[in-house]
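One structure is given here, and the rest of the page talks about it.
The values are calculated or read from the model by the stated rules, or taken from the named source; none is laboratory data. Predicted, not measured: the structure shown is a model, and the values here were computed from it. Don't worry about glycine lacking a Cβ; one is built from the backbone with ideal geometry, like all the others, and counts go over all protein chains shown.
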Amino acid sequence: MSLRGGGRTTLLVLWLLALAGLGWVVSQRLKISTDLRSFMPAPTTPDQRLLMEQVGEGPGSRLLLLAISGGSDEELAALSQGLVATLKNDPRYSQVINGSFDPGALDPALLPYRYLLSPTLDTQPLDEAYLADQLQQRLDELSSPAASLLKGLLPRDPTLEVLKLAQMWAPAKSPQVRDGVWFSAQDEALLLVQTVAAGFDPGAQQQAIDGIEKAFHALPGSAGAKLELSGPGYFSVVVGAQTRHQADWIGRISTVGFIALLLLAYRSIGSLLLSALPIASAALAGIVALTLAFPDVHGITLAFGFTLLGVAQEYPIRVLSHRRAGEDALHSVRALWPLLLTAIASACIAYLAFYASGVNGLKQLAVFTIVGLLAAGFSTRYLLPHLLPRRVRDVADMRWLVRARAFVDRLPRPRWLPLLVAAAIVAMLALAPGPFWQNNLAALTPLPQSMLQHDARLRQALGAPDVRYLLVLQAPTAQGVLELSQQLQPRVDALVARHAVDTLELPSRYLPAVALQRERQQKLPDQATLQHDLTEALDGLPFRADLFQPFLDDVRTARTLPPLTPERYAQTPLGQRLAAMLVPRDGHWLGLGTVSGVHDVAALQALGEGSHGSVRLLDLKAASESLVVDYRTRILQALLAAAVLLVLTISFALRSVRRAWHVLAPMTLATFLVLAVERMAGIEISLFHLVALILAGGLGLHYALFFERDTGDPAEQRRTLHATIVCVLSALLVFGMLAWATIPVLRAIGLTVSLGVAFHFCLSILMAPHASES
Amino acid sequence: MMSSLLLWSANISASEAAAPAPASSATLALISALGQPAPAHTAFAEARFMQVLDRPLVISGELAWLGDDKLQRRVEQPKAETFTIADGEVTQERAGKKPRHFSLSRAPQLQVLLDSFVALLSGDPTHLQQVFKISHDGDPAAHWTLSLVPRDTKVARTIAAITINGYATVSRCMQMHEADGDLAVDLLGPLAARMPAQPTRESLLALCGEAP
């Protein structure tokens, strides 16, 4: 029984209104997160947990390297200074440096602290002999033509502690300074910018990068110059943009092809438009469910989710192909429904396994796809048939289809075929070259070689830390970490001296422990002694008698200062640098030593020997690979659980183990065949291949279910073939296009689904019960 | 047609380059007359009057122009020290210490010394005019005074002006007026030997003004 014209319009309007309502909810509530970390499994080992923090917040990964070229030294230096001036007060950046000597590096209020921060007093008392020697040196320097800087410092700081600190804090391997700013050997002005945003949060990094580019282009004289960026944050933005660009471009072409294919198959624009409604319902309902269940939705969830929803496209296609001439659409659907319901339930149960994986991103994926599939399935069953036009062409009478079905029926269906395929799969997997799994996530989103070389060159010129290694110090308190760092310093100096590593920067470089500061404080002479020693030291020197009063005042202040703590220090630029290297976690504190130019990893690892874990070298690459392995293990476990559930569901739905075998055997074999063929081709299997295999498996399940169906009606079998061919062609069209993409992630998904669809189709035909058997 | 066009544009750019420094032709002639072939050596004795000091610092040695932008300032008394400026880099050598290198841009005094001294010794008024605003006073054939004010505002923040006293084609004195009021007076050539033990600003200015 179908609705009349008026009722049909009402239903259509209501459905569209419901979709618009869902769309409104989505536009109001959807918050897309781009932080890659929320798509990673919960870290289990301490190294993995540190990795998850460091991936986003480590000092190395938040660093952007900037190079300005295309002008004279003076022009570039002016641009460099202008950029620093603009960005310095922007809350998006925690540090902006370009090599210009900044006497304000130590906050003026903190200047008396120089005697507690500088190592001078460790070896040298501030006595008459030392002062006399220092003052004579200053006098020599005053007679040189380069004395102008000195004249300003002299009254307050005759021993030049501020310069000693500036030297100590300068990057160990800093680039050449010309016109007051850093320059590379290629005559580019160089800058380092540390973002507040996490390094692998492409959305936030995009904003930080936009801010830099906007500030640069607003500078006078920037028109002819070129600003180039590098660093992990920039790379994540570039990769994201490239992937999106290619996916969009391929998506547009395959959408046109898909529409053309459906028009060709059903010759009805109305049917085509209406059959889009269940898919739209699926996507919107899925997103609304996500926004209700999670505070924010990950971009990758949506991308994968839409891929997996590809299964739902089949529901309306099946309905359209199975229409009979003159028959009410509702009847066709009712006949199909048990099978469709089995397919929907199996897919939902399989995706449910993802929910159990415990990974936030996979949980989201499960919620999105299950809600989406249910929405698509039930709207196909209960809404779509009421809207479909009554008069349709029965595809079963098409001549080519009759011939095709006859051809399919004639195909041999040898009983030994599954054995042969299984043997071939085993042989191929055994013989395949190279490692089975791809653990390096970066290999899937490779950067152009030129970009990597540019990064390496800038990194070397700036002495910027490696993103790969970190020396981790652990102690119960922040002071404990600083003390540990001080003890380690001589051994680190020795390593640098014998070129095991170019630089290794420890947190105590920026702030000595309170105990050491106290020690230095106690070595400062009292006012009377210092006054006496200074007067004696000045004897015979031409300095003005009262010149050094600011020096006497500072020493007096320094004697009673409370030692500088990380908290007090945090308000200064250097304190922020320290804060990135000194982090509290789980009731203890970690110090992060940044490393650059590692030549001898073993020597660095040896630093941790005998420290009982309080000092260790963290290899972020190894940690990230172990994280990927964990991740994959979770997915594989989820898949295994899904497989068991699937066998039970199908056996229960078909109420026959033999029939279940006819459905599940081709599906399983085809899945492994895709794996085997890809492995033979030298492809290492990644997470993306696994997700694509699951989608292909879902599609394959449909083919097998429908081919297995025993209707005893040749016309109905022809309609099944028609529906399956349309489904296969549309999947091949969409994913075959992706297989030609140059970005490996897209290619992995495209190739795997295309191969999967082809194998599932062939095997489910060849392994279906022969027509003559029934 | 093409060549006349080129000639015309060459004239334009030449006149443009000369435009920012309307120094008199007499000044230009004076500077040209000071030129000597490289390498040129001259003895110097310098007294620095500084606010941080009760009495002036006195040093002596030799200034040498080695051609192009290479200048050497060798101090013999009271402590041996040599500054060599070449290709925008300064090398400082002291007895018993490792040589230090730093960029010329970090020592505006040295930059000014290089610009003024090299231009004077090479008799190149064009280069001098690019870096300084020049004015001159007196008789080119007898006593004269050249006044140089740095055009670069950043340099001018450290070095306010340079005054050179001379007689006929010989420079006798060079005064470097720092922006903070400090003053360095260099006696050049034979005059260097006549640096008093306790110099004052007045006694030195008197020496510079004497007839040779």
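Key figures for this structure:
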item	result
Flag for residue B:159 being in contact (Cβ under 8 Å) with a residue 12 or more places away in the chain, touching a helix residue (DSSP H, G or I) at 6+ places or on another chain (Cβ under 7 Å), within 12 Å of another protein chain (Cβ to nearest Cβ) and aliphatic (A, V, I, L, M)	yes
Those residues of segment A:302-337 which are out of contact with any Pro (no Cβ under 8 Å at 6 or more places or on another chain) and among the charged types (D, E, K, R), in sequence order	A:314, A:318, A:323, A:324, A:327, A:334
Subset tally (residues that are assigned to a helix (DSSP H, G or I) and either at pLDDT 85 or above or more than 30 Å from residue A:6 (Cα to Cα) (or both)) for segment A:389-424	22
Residue within segment A:742-749 that is without any contact (Cβ under 8 Å) to a residue 40 or more places away in the chain and in a helix (DSSP H, G or I) present	yes
Some residue of segment A:291-305 being under 31 Å from the mean Cα position of the chain (by Cα), charged (D, E, K, R), surrounded by 13 or more Cβ atoms within 10 Å (Cβ to Cβ) and on the phi < 0 side of the Ramachandran plot	yes
Residue in segment A:472-481 that is among the β-branched types (Val, Ile, Thr) and more than 21 Å from residue A:621 (Cβ to Cβ) present	yes
Complete set of residues in segment A:639-688 that are among the polar types (S, T, N, Q), surrounded by fewer than 20 Cβ atoms within 10 Å (Cβ to Cβ) and outside any helix (DSSP H, G or I)	A:656
Qualifying residue in segment B:37-60 (condition: polar (S, T, N, Q), away from every other protein chain (no Cβ under 11 Å) and out of contact with any helix residue (DSSP H, G or I) (no Cβ under 7 Å at 6 or more places or on another chain))	no
Subset of segment A:516-542 (residues that are within 14 Å of another protein chain (Cβ to nearest Cβ) and touching a Lys or Arg at 6+ places or on another chain (Cβ under 8 Å))	A:542
Test: residue B:145 is within 25 Å of residue B:38 (Cβ to Cβ), modelled with pLDDT of 85 or more and among the β-branched types (Val, Ile, Thr)	no
Hey, residue A:240 within 16 Å of the chain's Cα centre (by Cα), on the phi > 0 side of the Ramachandran plot and buried (at least 17 other Cβ atoms within 10 Å of the Cβ) or not	no
Given (1) more than 13 Å from chain A (Cβ to nearest Cβ); (2) surrounded by fewer than 20 Cβ atoms within 10 Å (Cβ to Cβ), index of the condition residue B:153 fails	(1)
Filter result for residue A:577 (of a type in the set (Lys, Arg), under 20 Å from residue A:686 (Cβ atoms) and either in a helix (DSSP H, G or I) or without any contact (Cβ under 8 Å) to a residue 40 or more places away in the chain (or both))	no
Whichever residue in segment A:288-339 is within 13 Å of residue A:384 (Cβ to Cβ) and outside any helix (DSSP H, G or I) and, among such residues, is modelled with the lowest pLDDT	A:328
Residue under evaluation residue A:134, criteria (1) in a helix (DSSP H, G or I); (2) facing another protein chain (nearest Cβ under 10 Å); (3) among the polar types (S, T, N, Q), criterion not met	(2)
Residue check for residue A:190: in a strand (DSSP E or B), in contact (Cβ under 8 Å) with a residue 24 or more places away in the chain and away from every other protein chain (no Cβ under 14 Å)	yes
Among the residues listed as A:99, A:152, A:104, the single one being part of a helix (DSSP H, G or I), at pLDDT below 85 and within 14 Å of another protein chain (Cβ to nearest Cβ)	A:152
Test: residue in segment A:278-286 that is buried (at least 23 other Cβ atoms within 10 Å of the Cβ) and either modelled with pLDDT under 85 or among the β-branched types (Val, Ile, Thr) (or both)	no
Segment B:113-133, subset over 17 Å from residue B:66 (Cα atoms) and buried (at least 23 other Cβ atoms within 10 Å of the Cβ), residue nearest to the other protein chains (Cβ to nearest Cβ)	B:132
Filtered residues of segment A:42-91 (kept if β-branched (Val, Ile, Thr), part of a helix (DSSP H, G or I) and either modelled with pLDDT of 85 or more or closer than 30 Å to residue A:177 by Cα (or both))	A:84, A:86
Verdict on residue A:701 being out of contact with any His (no Cβ under 7 Å at 6 or more places or on another chain), buried (at least 23 other Cβ atoms within 10 Å of the Cβ), under 20 Å from residue A:422 (Cβ atoms) and of a type outside the set (Phe, Trp, Tyr)	yes
